[in-house]
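Step one of this worksheet: look at the structure below.
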Amino acid sequence: MNAAGFPLLSLLTFLPLVGAGILLFIRGEEAVVASNARWTALWTSLIVFGLSLILWFSFDKTTADYQFVEQMTWMPEFGLGYHLGVDGISVLFVLLSTLLTPICILASWESVQTRVREYMIAFLVLETMMIGMFASLDMLMFYIFFEGVLVPMFLIIGVWGGARRVYAAYKLFLYTLLGSLLMLLAILTLWYMAGTTSIPELMKLQIPRNMQIWMFLAFFASFAVKVPMWPVHTWLPDAHVEAPTAGSVILAGVLLKMGGYGFLRFSVPLLPEATEWFAPLIFALSVIAVIYTSLVAMAQEDMKKLIAYSSVAHMGIVTLGIFVMNHQGLSGAIFQMLSHGIVSGALFLCVGVVYDRVHSREINRYGGVAKVMPVYAVLFMGFTMASVALPGTAGFPGEFLVLVGAWQVNPWVAFFAGFSMILGACYMLWLYRRVLFGRITKDEIKHLLDLSPREWLTFAPLVVLTLWMGLYPSSFTSFFDASVTALLARHEAALALPRLAGM
Amino acid sequence: MYLGAIFFPLIGSLITGLFGRLIGDKPAQWIGVFFMALSAICGAVNFFNVALGHAPVMVDLGTWIDVGGLQVSWALRYDTIAAAMVAMVTLISTMIHIYSVGYMSHDATPTRFFSYLSLFTFMMLMLVTADNLAQLFFGWEGIGLASYLLIGYWYERESANRAAMKAFIVNRVGDLFFMMGMALTFWTFGTIEFDGIFQGVAAAQDKTIGGIPAIELIAFLLFGGAMGKSAQIGLHTWLPDAMEGPTPVSALIHAATLVTAGVFLMARMSPVIEYAPNALGFITFIGATTAFFAATIGCVQNDIKRVIAYSTCSQLGYMFFAVGVGAYQGAIFHLITHAFFKALLFLSAGSVIHAMSDEQDIRKMGGIWRKIPLTYAMFWIGSLALAGIPFFAGYYSKDFVLEAAYAGHGWTASYAFVMGMIAALLTAFYSWRLIIMTFHGKPRADHHVMEHVHESPAVMTLPLIVLAIGALFSGALLADYFVGHDWLAFWNGSIVNQPNNHIMHDAHEVPSWVPLAPTVAGVVGIAVGYIFYMFVPAIPGRLAASFPGLYRFLLNKWYFDELYDAIFVQPARKLAFWLWKVGDAKVIDGMPNGAAALTASAAGRVTRFQNGRVANYAFTMIIGLVLFVSIFLFGIGR
């Protein structure tokens, strides 16, 4: 039943929680507590990452079935149970979460100085929630983890954030919660219809067409906010701006992917007819997102806000790819989510590096940084290029596949979504030029130090992945190839049924 | 050998870039040169084996993308056209690396420069040896990146940064069309590997998309990409500004290699675009217009590098209309001879700039030919080749291109011939205007500068001499293979002319005045140049005074920059700001914030005990939850 021979996914999910529990019992002077908390959190997350590598090596790529499954009945009369497992779609997201958490902890090593222990606890709880969400095969568990992510994130922004942190934290919380409530409604309906909350069981359900439409809207309300899609994206720039660096990294790297993952896990397989019916609307919203938010990004004066808006544009490509419903589009969308997790995370880290030194995110405060921080300039350039989808970097295969896939559905959609190529270059190069190029005119810039060894360590895995994903994306696409094929076959079969009936 | 030609520059780039500071400036530079030279040797050997030995080779390097029938591999495709390009690129790049050792000797970070230069070469080589459109796009974007980095090499200059950004973004506009072309190619052929595409052409001829034949649309879209990279009219605005980069960059990238990538793409895709007659007509028209338009601007510019840049733009127009009339072989021939003499001209210009203490305005030069005789001679050779004077390289290729235009069918071909002839005359004219204003007459620079005028060191003049040999003999040596009686065996199927395209034959059957005409136009242009600037120097001023409108129109480069600024840049800026401040802040955020404020005040009245926003929001949530559950229950009860 389980390729690892032991309950790997449960271990991955709850080990961070154990780490957080240990942190609770650390006593002593404040400096000692802080230091111990950092090391404990780092080791916990590293062990989790190390364990999660088992997934990478022993995942069977030839099948679309769920693997590493753990199942226990809890309340069989209600169809509730404890059910974990990963398939090709979710396995890489689990790895993304386990990879980014230690990086985030390293990135907060020096920049977080107040309530370090609580901060680390929040991060470890967050990791539990993220992994649990991606590994859940029970709808109710999924919902609990999905919502549970919000709590530590709310605290991370609200306690360790910037000046308007409370406003931003509430905005994040309310936007996502309002959507989730509708999703809860849909989940309850499904439970009521199927008598079980197990996702594999639910997939056997045939849902009437008009019911599909309502349920699609309910799920959509939750996932669209999480992605975020235009026009429910405005919580994201605020949240990013106020969040501490590591918070932004997780927010962009993993939390935004929850929406796309939700579409792939629920909306698309469960509601095929509604997916077909709503696809044009999603295309419209995605294309608007790409062009609108790219333009808005160009006008930004705040580095983090600019990258936040660019995230919305990139996620527009993702939602487009999911709903074109062909192999290139879907694979491209999943790949784009992964690469965006790496690249935008890295870009937020890049902002964090100079923020730690100058304590400002305002672009006008900088200029000429490349002169004093050449290594940093090279890294930033690399991630900028990945963000504008230069072939050979992680950003390219996803965007390329989505555009190729979209063309097969509607060439105009592909064309307008392709504007991200031009506009993306505009805002990213404009940012780079104003921050790193030019003559140094401000005194505080003159004496900046280049990357420290710790910062090097945080960037190194991201650099490797950015190039690896760009040069040899097959090692990632092969993970979800079988699952995407199965998903498409399912979709075709589901659509063929009513067509036959209609004849 | 095959791998070496491509990957030695990458190794060189990594070593100089990553370890340059450890190794030290001078050794690192020579390491860069060494790897480039190795690559050039491989390139030359490969050219003999593949092109002259008629033995095309495929080197498979592995899978890149493999998703649901879309398979793309990393591979090196050595056929005649690729081998010819590799040989040319590696040779010229080596010369420019050597030259740069001298030219950049006073620079603060020469290793960074060498790293970029080698990286560029690697990307260009990946482009020309690509086995599929995606790998070609990899090289295509890679050279775009390298060009961006090199134009903005002196990043403390605002003008350099602006030019670099402009180059990247204008190219991206073309790239969008390239990307769409790739998507359509996959839609049409089910593959983007060249072999698969070329085999599927016959079957794909009936496919239409939106009423347009798919092959026509592919040709249009890919040409859109080529227009950006090769600076054709409309997307040319980045090229003159790109002269902000160091001069060796202008020689390598903005004359010999990068800008010719578009021409290469058209030739590589010849089996497809041969079947797109309308697109070919359009290509001819754009090429011919560019050849003429850039030449007119070249006549009035005062920056030595900008004159040569417009000349490059104009010569690229020649290559495109050769493609348009179906004479791809002629286009590639002109591409290669042009690479030699244009690189020579740029490097000579660099030598002049070096001698004149970084002065680029030809109005402040003059009277220096005795002081730098070697550079002066090199400039003459380059200009003679450019003007198409007999037995210099440009003579063979330009003549052939114009003959092909004359022999081509349709009004666009005739238009191309006429425009090409006018441009040939203008080319000779502005070249001699440049020579005379730069080297002759009274010195117009101040005496400090004049005292320092000196011939460049050997490390700079040696590459000049090698390139001059190319500018002298490459035409005569290669003509038979590229466009003469051996062309069919030489190209060996790497360029395809459709069965009823006899242009390669017809171009040699034109009336006897046609081959003579470009030479006459060149000589007339030179004569006019001498009269205007040597013998009666009052004429240009009087002309400018009597046609002020036309003069300003040319001086301001047909107002393209101003036009684009008004149509695209400013509106985009305003729209961006408006969307942010009104769209996001007022409209989208207005709704929830307004709702929040409303509930807050309402809740404040209802629940007086609980103050503060937390409670308000929680209250809203509970109300919401109740509402939803009610609806849910209502639904079940029905």
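Remarks
- Residue among B:Ala167, B:Ala163, B:Ala183 that is assigned to a helix (DSSP H, G or I), within 9 Å of chain A (Cβ to nearest Cβ), within 23 Å of the chain's Cα centre (by Cα) and among the aliphatic types (A, V, I, L, M): B:Ala183
One line per residue, one yes/no per condition, for (1) surrounded by 24 or more Cβ atoms within 10 Å (Cβ to Cβ); (2) within 30 Å of B:Asn132 (Cβ to Cβ):
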position	(1), (2)
B:Asn278	no, yes
B:Phe292	no, no
B:Ile304	yes, no
B:Ala309	yes, no
B:Tyr318	yes, yes
B:Phe321	yes, yes
B:Gly330	yes, yes
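- Of the candidates B:Ala75, B:Ala82, B:Ala44, B:Ala87, the single residue that is at negative phi, surrounded by 24 or more Cβ atoms within 10 Å (Cβ to Cβ) and of a type outside the set (D, E, K, R) is B:Ala82.
- Candidate set from the range A:12-34 (those that are free of Cβ contacts under 8 Å to residues at least 12 places away in the same chain and in a helix (DSSP H, G or I)); member that is least open to solvent (accessible area, probe 1.4 Å): A:Gly21
- Flag if B:Asp561 is open to solvent by less than 50 Å² (accessible area, probe 1.4 Å) and part of a helix (DSSP H, G or I): yes
- Any chance B:Phe114 is more than 14 Å from chain A (Cβ to nearest Cβ), part of a helix (DSSP H, G or I) and open to solvent by 50 Å² or more (accessible area, probe 1.4 Å): no
- Scanning the range A:158-173 for residues that are touching a residue at least 40 places away in the same chain (Cβ under 8 Å), farther than 30 Å from A:Val86 by Cα and in a helix (DSSP H, G or I), we see that the one that is farthest from the other protein chains (Cβ to nearest Cβ) is A:Trp160.
- Flag for A:Gln408 being over 19 Å from A:Gly247 (Cα atoms) and either more than 10 Å from chain B (Cβ to nearest Cβ) or in contact with a Pro (Cβ under 6 Å, 6 or more places away or on another chain) (or both): no
- Test: B:Ala602 is at pLDDT below 50, more than 41 Å from the chain's Cα centre (by Cα) and more than 11 Å from chain A (Cβ to nearest Cβ): no
- Test result for A:Thr63, in a helix (DSSP H, G or I) and open to solvent by less than 70 Å² (accessible area, probe 1.4 Å): no
- The set of residues in the range B:140-149 that are free of Cβ contacts under 8 Å to residues at least 40 places away in the same chain and more than 7 Å from every other protein chain (Cβ to nearest Cβ) comprises B:Tyr148, B:Leu149.
- Residue check for B:Ala226: at pLDDT below 90, buried (at least 21 other Cβ atoms within 10 Å of the Cβ) and within 28 Å of the chain's Cα centre (by Cα): no
- Criterion: surrounded by 21 or more Cβ atoms within 10 Å (Cβ to Cβ), hydrophobic (A, V, I, L, M, F, W, C), over 24 Å from the mean Cα position of the chain (by Cα) and within 30 Å of B:Met95 (Cβ to Cβ) - qualifying residue of B:Ile469, B:Ile435: B:Ile435
- For beta carbons closer than 6 Å, sequence separation of 6+ or different chains, a first residue in the range B:369-380 that is of a type in the set (Phe, Trp, Tyr) and a second that is open to solvent by 60 Å² or more (accessible area, probe 1.4 Å), the qualifying pairs are B:Tyr376/B:Trp369.
Residue-wise test of (1) surrounded by fewer than 17 Cβ atoms within 10 Å (Cβ to Cβ); (2) closer than 17 Å to A:Ile144 by Cα; (3) of a type in the set (A, V, I, L, M, F, W, C); (4) at pLDDT 85 or above.
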{"site": "A:Phe49", "(1), (2), (3), (4)": "no, no, yes, yes"}
{"site": "A:Ile54", "(1), (2), (3), (4)": "no, no, yes, yes"}
{"site": "A:Phe68", "(1), (2), (3), (4)": "no, no, yes, yes"}
{"site": "A:Trp74", "(1), (2), (3), (4)": "yes, yes, yes, no"}
{"site": "A:Glu77", "(1), (2), (3), (4)": "yes, no, no, no"}
{"site": "A:His83", "(1), (2), (3), (4)": "no, yes, no, yes"}
{"site": "A:Val86", "(1), (2), (3), (4)": "no, no, yes, yes"}
{"site": "A:Ile89", "(1), (2), (3), (4)": "no, no, yes, yes"}
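- Note on the range B:90-111: residues that are open to solvent by less than 10 Å² (accessible area, probe 1.4 Å) and part of a loop (DSSP other than H, G, I, E, B) amount to 1.
- Selection status of B:Ala87, out of contact with any His (no Cβ under 6 Å at 6 or more places or on another chain) and part of a helix (DSSP H, G or I): yes
Residue-by-condition table, conditions (1) over 25 Å from the mean Cα position of the chain (by Cα); (2) part of a loop (DSSP other than H, G, I, E, B):
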| site | (1), (2) |
| --- | --- |
| B:Leu38 | yes, no |
| B:Gly43 | no, no |
| B:Asn49 | yes, no |
| B:Ala55 | yes, yes |
| B:Leu61 | yes, no |
| B:Asp66 | yes, no |
| B:Gln71 | yes, no |
| B:Trp74 | no, no |
| B:Arg77 | no, no |
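- Scanning the range A:177-210 for residues that are open to solvent by 30 Å² or more (accessible area, probe 1.4 Å), part of a helix (DSSP H, G or I) and more than 10 Å from every other protein chain (Cβ to nearest Cβ) gives A:Trp191, A:Met193, A:Ala194, A:Pro200, A:Glu201, A:Arg209, A:Asn210.
- If you filter the range A:271-282 down to residues that are surrounded by fewer than 23 Cβ atoms within 10 Å (Cβ to Cβ) and among the hydrophobic types (A, V, I, L, M, F, W, C), you find that the one that is farthest from A:Gly161 (Cα to Cα) is A:Trp277.
- Identification of helices (runs of 4 or more DSSP H) wholly contained in the range B:227-330 with 2 or more residues that are in contact (Cβ under 8 Å) with a residue 40 or more places away in the chain, on the phi < 0 side of the Ramachandran plot and basic (Lys, Arg) yields B:304-324.
- Residue satisfying condition, being open to solvent by 30 Å² or more (accessible area, probe 1.4 Å), of a type in the set (Asp, Glu) and on the phi < 0 side of the Ramachandran plot, within set B:Glu158, B:Glu216, B:Glu141: B:Glu158
The values are calculated or read from the model by the stated rules, or taken from the named source; none is laboratory data. Being a predicted model, the structure only gives us computed values, none of them experimental. Cβ coordinates were reconstructed from backbone atoms using ideal geometry, including for glycine residues, and neighbour counts include every protein chain displayed. Note: areas computed on protein heavy atoms with side chains; ligands, DNA, RNA excluded. Shrake-Rupley method; radii C 1.70, N 1.55, O 1.52, S 1.80 Å.
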